[in-house]
Amino acid sequence: MKCIINGDPLAFDREMTIQEVLASLELDAERIVVEYNNVLIKKKDFNEYIVRESDRLELLEFVGGG
């Protein structure tokens, strides 16, 4: 299964939830904003959306500092 993440094609061996995609990329879901096919997804819904062939994800990670 291929999808587009932040403009780059990525391949996975199966369809996954947004939560599973974030885990496979070793990203902390608590620090990520996800746009799924041009729709912002709430963190509480990351396990409800299945990423399928040709879907587009935009991931934005919040980084603290000062």
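Assorted remarks:
- Residues of the stretch 1-24 satisfying the condition of being open to solvent by 60 Å² or more (accessible area, probe 1.4 Å) and part of a loop (DSSP other than H, G, I, E, B): ASN6, ASP13, ARG14, GLU15
- On inspection, GLU58 passes the criterion of being within 10 Å of the chain's Cα centre (by Cα), at negative phi, assigned to a strand (DSSP E or B) and of a type in the set (D, E, K, R).
- One residue stands out among those in the stretch 25-53 that are touching a Leu at 6+ places or on another chain (Cβ under 8 Å) and of a type in the set (Phe, Trp, Tyr): the one that is most open to solvent (accessible area, probe 1.4 Å), which is TYR36.
The values are calculated or read from the model by the stated rules, or taken from the named source; none is laboratory data. Keep in mind it's a predicted model, so treat the numbers as computed, not measured. Every residue, glycine among them, receives a Cβ derived from its backbone with ideal geometry; neighbour counts consider all protein chains shown. SASA here: full protein model, heavy atoms, side chains in, ligands and nucleic acids out. Shrake-Rupley method; radii C 1.70, N 1.55, O 1.52, S 1.80 Å.
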